[in-house]
Amino acid sequence: MRRRDTGEVLGTVAAFPAAFAFMLFMLVPVLIMVKVSLSGPEDIFTQHPPFLIHHATLDHWREIIAAGGIRAPFQRSLVVATGTTVLALLVAAPGAYVISRMPRKWRYPVLVSLFLTRMFPEVGIALAVAVNFIRWNMLDTDLGLILAHLIGALPFIAWILVGTFETIPVELEEAAKTDGCGRVAVLRRVILPLSLSGVAVACIFTWLWSWNEFTYALYLSLSRNTLPLETYYYLGRGSLFNAATYSTILTLPVFLVTFTLQKYLRSGYLTGAVKG
Amino acid sequence: MKRSGLVFLTIFLLLAVLGGILPVLGAQKKLTVLMALGEDEWKVMRAAILPPFEKEYGCRVEAYQVESSDAIRKLEAMAAAKKMEVDLITQDNMLLAQLVEKGLVEDLSEYRELIPETILKSLLPVGEFRGKLYFLPYRPNVEIAYYNETKFKKYGLQPPKNWDELLVVAKTFKEKEGIGRVAIKADLSSCTTVHLFDFIRQAGGDPMKLNDAGCVRAFTFLQQLWPYCSPDSKKANWNYMNRFLATDSVYLGWNWPFGVNVIVKDGKKEEIKAYAGWAGPVKASHVLGGEVIGIPVGSPHRALAVKFAEYLLSREVQEKLVSQMGWPACRSDAYGKVEKWQQPYFAAVNAALETAEPRPNVTYWADFEKIILKAFRLSVLEGQPVKATLDAAAAELAPLKK
């Protein structure tokens with residue numbers, strides 16, 4: 001049996017408490033948010049609030065759902081996030097496939113160049129983007145917001161897909177071509193089915209990013225808020241309970257999507273083209 | 001055949017012309033308005049304020065919720081795109097300079113006569129920049145002092161009326177509970193600037209000078225008060241102050257009147273009372289906040305927007321805002337009755353309004369705010385000598401004033 005050195009042992013022993021502390025650090029704010037949304041004022045507006053819920057209530061949820069104000073922002077966020085993901089996939093997949101088949105010395109610079117747009121913070125370019133979109137009558141439209149989200153989503157999804165497509169042997173494509181498939185058919189019938197896991201990962205990240213996106217939504221929305229914008233409103237103007245309930249509703253799809261597709265979240269898919 | 005063809009063509013042309021005109025005739029005029037309101041306030045606006053105007057002018061008012069800071073960004077984008085979609089905004093009177101500097105709002109000097117004679121005089125300078133009127137008065141607002149009546153009674157204290165009493169209250173709470181319970185907004189944001197204006201003016205100083213006798217006196221007092229203040233003061237702003245008061249973390253603090261809804265109505269903390277606050281060694285003073293009306297450059301329905309502005313300033317609307325929203329009126333002849341539970345808080349707001357003074361409209365406001373907040377941090381929070389710190393701040397400000 002290999003003898004483990006002291007450093008390795010210490011690392012293993014320290015890993016669990018560190019992971020536990022990190023888990024608490026990430027989870028406790030979420031638990032507090034959910035707790036506030038389900039608690040009566042007696043549990044919250046006190047000098048020493050209890051850790052558990054003593055006066056549970058669904059009043060805050062009932063109030064928000066009965067008011068009906070959440071339906072439209074929720075729907076808009078859902079449409080925009082899903083539209084961004086589908087469109088990003090349709091645009092990025094063929095491009096990522098081509099990049100993945102480039103000679104190695106070209107592949108990395110081309111991939112890095114995709115990220116040049118990501119070097120500019122959204123806050124810095126959102127105004128310029130909004131000016132053009134307003135000129136093109138895209139204020140308050142789902143298409144306008146989807147296109148704005150693609151600015152950030154495309155490089156990222158392309159990066160993940162390049163890494164995914166790279167793992168598929170070229171010989172498989174050649175065999176398919178030998179059987180009579182064209183380039184697009186190879187992509188559709190051979191590459192994509194084999195890379196479903198990587199595609200799922202790219203879709204998760206794109207969807208979540210678009211769902212939570214705030215800056216472009218702020219500039220390109222006037223009468224039709226997205227859910228993050230609506231939550232922002234309640235954080236500033238609403239009661240603590242409304243803010244907590246809206247925040248919880250905003251977070252729920254994130255949990256659902258991540259929980260459902262988490263089996264695809266393997267580190268290999270996230271290294272992109274930076275391999276070997 | 002030729003004749004029937006001519007008849008047919010005439011009918012066709014008539015239909016085409018009418019088809020073009022009728023949709024235009026049938027189309028309702030639309031007024032797009034940006035406001036920043038709470039949920040209950042929106043209910044009143046949509047149910048009681050907008051419909052009479054819509055009926056009188058045969059138009060549809062599309063009012064959207066947009067915070068004042070966000071309104072600047074949206075107007076900037078629309079103006080740059082040369083496609084202004086907004087006709088009128090109600091804007092926080094502390095965020096006006098940018099709109100004027102960027103040329104986003106119309107000069108409304110020709111509409112001075114819309115301002116009624118009975119308008120609160122302190123509201124008049126707020127909308128003026130370099131002698132031109134860019135904003136019409138609409139809604140005054142002022143901070144009031146919230147206090148926890150139960151805790152004050154417990155230690156036999158009264159809400160402080162002057163600085164000496166304030167210091168005694170702060171020291172008593174610290175001594176009895178081992179932690180400060182009086183909060184000032186020391187989060188080094190614009191909320192702190194408002195507080196500093198209050199204290200400096202209460203000491204007879206001019207905040208824009210930074211190192212006159214009143215400024216030195218105010219900063220010296222704050223330096224004395226600071227060790228007895230609540231540690232929550234460093235996070236206290238217009239939003240968190242309500243939570244600190246509601247959770248009994250703070251027993252005395254100034255905040256805007258919307259806190260009444262958050263703490264008393266939603267939080268059911270009826271022991272949280274309010275009054276106009278304390279005076280300084282020279283006078284009582286509150287920064288005049290609130291909102292004003294502006295019309296963006298390029299507004300698609302400018303004439304209708306002016307009518308709407310006049311409507312919002314009318315006595316009828318101001319009385320509705322008082323009775324249904326609990327807002328103080330901007331004109332002295334507008335009377336309204338608020339709900340019973342709101343009355344003490346409304347009285348506190350009106351008492352505070354009597355000593356309300358607006359902030360000056362200067363183009364170098366952003367730089368000024370950085371300097372005054374830095375002086376506060378160095379002298380009050382870090383304990384550096386007040387006079388030297390303020391002299392340095394004044395020297396830093398001097399070139400900006402030219």
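The values are calculated or read from the model by the stated rules, or taken from the named source; none is laboratory data. Since the structure is predicted, the reported quantities are computational estimates derived from the model, not experimental observations. We place every Cβ from the backbone using ideal geometry, glycine too, and count neighbours over all the protein chains shown.
Quick check: is even one residue across region B:300-307 buried (at least 17 other Cβ atoms within 10 Å of the Cβ), outside any helix (DSSP H, G or I) and in contact (Cβ under 8 Å) with a residue 12 or more places away in the chain?
Yes - at least one qualifying residue is present in region B:300-307.
Which of the residues that make up region B:324-349 are surrounded by fewer than 18 Cβ atoms within 10 Å (Cβ to Cβ), small (Gly, Ala, Ser) and assigned to a helix (DSSP H, G or I)?
Across region B:324-349, the qualifying residue is only B:ALA347.
Quick one: which of A:VAL9, A:VAL13, A:VAL34 is surrounded by 11 or more Cβ atoms within 10 Å (Cβ to Cβ) and hydrophobic (A, V, I, L, M, F, W, C)?
A:VAL34
For region A:63-102, how many residues meet the condition of being surrounded by fewer than 19 Cβ atoms within 10 Å (Cβ to Cβ) and in contact with a Ser or Thr (Cβ under 6 Å, 6 or more places away or on another chain)?
Matching residues across region A:63-102 total 0.
Scan region B:96-110 for residues that are assigned to a loop (DSSP other than H, G, I, E, B) and either farther than 25 Å from B:LEU50 by Cα or modelled with pLDDT of 95 or more (or both) and report the count.
Final tally of qualifying residues: 6.
Here are some residues: B:TYR251, B:TYR275, B:TYR240. Which one is within 12 Å of chain A (Cβ to nearest Cβ) and at pLDDT 95 or above?
The conditions single out B:TYR251.
For A:ALA158, are the conditions met, namely being of a type in the set (A, V, I, L, M) and within 30 Å of B:GLN65 (Cβ to Cβ)?
Considered against the rule, which asks whether it is of a type in the set (A, V, I, L, M) and within 30 Å of B:GLN65 (Cβ to Cβ), A:ALA158 comes out as no.
When you go through (1) under 30 Å from B:ARG73 (Cα atoms); (2) surrounded by 15 or more Cβ atoms within 10 Å (Cβ to Cβ); (3) touching a residue at least 12 places away in the same chain (Cβ under 8 Å) one by one for A:ARG118, which number turns out not to apply?
A:ARG118 satisfies every listed condition except (2).
Of all residues in region B:70-92, which are more than 7 Å from every other protein chain (Cβ to nearest Cβ) and in a loop (DSSP other than H, G, I, E, B)?
Scanning region B:70-92 gives B:LYS82, B:MET84, B:VAL86, B:ASP87.
Tell me the strands (runs of 3 or more DSSP E) entirely within region B:229-295 that contain at least 1 residues that are of a type in the set (Phe, Trp, Tyr).
In region B:229-295, B:252-255, B:272-275 are the strands (runs of 3 or more DSSP E) which contain 1 or more residues that are of a type in the set (Phe, Trp, Tyr).
Before we move on, is B:TRP327 modelled with pLDDT under 90 and in contact with a Leu (Cβ under 8 Å, 6 or more places away or on another chain)?
Criteria met by B:TRP327.
Going by the conditions given, is B:VAL100 surrounded by fewer than 21 Cβ atoms within 10 Å (Cβ to Cβ) and either away from chain A (no Cβ under 14 Å) or more than 30 Å from B:THR247 (Cα to Cα) (or both)?
yes
Considering only residues that are in a helix (DSSP H, G or I), over 21 Å from A:GLU230 (Cα atoms) and among the small types (Gly, Ala, Ser), which ones fall in region A:14-72?
A:ALA14, A:ALA15, A:ALA18, A:ALA19, A:ALA21, listed by residue number.
State whether one or more residues within region B:287-297 are small (Gly, Ala, Ser) and within 14 Å of another protein chain (Cβ to nearest Cβ).
Looking for residues that are small (Gly, Ala, Ser) and within 14 Å of another protein chain (Cβ to nearest Cβ), one finds none in region B:287-297, hence no.
If I filter region A:213-253 down to residues being more than 13 Å from chain B (Cβ to nearest Cβ), more than 25 Å from B:PHE244 (Cβ to Cβ) and of a type in the set (Val, Ile, Thr), which single residue comes out as surrounded by the fewest Cβ atoms within 10 Å (Cβ to Cβ)?
For region A:213-253, the residue satisfying everything is A:THR251.
Identify the single condition in (1) under 20 Å from A:LEU227 (Cβ atoms); (2) within 10 Å of chain B (Cβ to nearest Cβ); (3) assigned to a helix (DSSP H, G or I) that A:LEU143 does not satisfy, given that it satisfies every other one.
Only one criterion in (1) under 20 Å from A:LEU227 (Cβ atoms); (2) within 10 Å of chain B (Cβ to nearest Cβ); (3) assigned to a helix (DSSP H, G or I) is unmet by A:LEU143, namely (2).
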